[in-house]
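*Asks:* Shown below is the structure under consideration.
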Amino acid sequence: MSEMQRKVAVALGRFGMFSRGVVFLVIGWFIVQAGVHHDPAKVQGFGGAFMFLLAQPFGHLVLGTVALGFIALGLHSLVCARWMRLLGSSGAA
């Protein structure tokens, strides 16, 4: 893997993890609110988090950015699967 390819892979991973963190933060907020209000029906999953982001001002832009982040995370995973070497591997691909 060249230096430029490595930089792109790291950037894709960072952007993807940021997007994933945003969604997990929203889901965590739902869990906290459900606990505070003693209402387990307030807990939402990924679908609820995406709908929450969509309902915000500039929601389409925010949700689109998060979706691009998930795509970036998938690309990062593909790059890692192709070029990462496991501990103890001989290096022959």
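Read-outs throughout are calculated quantities, based only on the coordinates presented, and are distinct from any laboratory measurement. Since the structure is predicted, the reported quantities are computational estimates derived from the model, not experimental observations. Glycine also receives a Cβ, built like all others from the backbone with ideal geometry; neighbour counts cover every protein chain displayed.
*Asks:* Gly47 is checked against (1) within 18 Å of the chain's Cα centre (by Cα); (2) touching a residue at least 60 places away in the same chain (Cβ under 8 Å) and fails just one. What number does that condition carry?
*Replies:* The one condition Gly47 does not meet is (2).
*Asks:* Could you list, in sequence order, all residues of the stretch 50-60 that are on the phi < 0 side of the Ramachandran plot and over 15 Å from the mean Cα position of the chain (by Cα)?
*Replies:* Met51, Phe52, Leu54, Ala55, Gln56, Pro57, Gly59, His60
*Asks:* If Gly69 satisfies all but one of (1) touching a Phe, Trp or Tyr at 6+ places or on another chain (Cβ under 7 Å); (2) loosely packed, with under 15 Cβ neighbours inside 10 Å; (3) assigned to a helix (DSSP H, G or I); (4) not basic (Lys, Arg), what's the number of the condition it fails?
*Replies:* Condition (2) is where Gly69 drops out.
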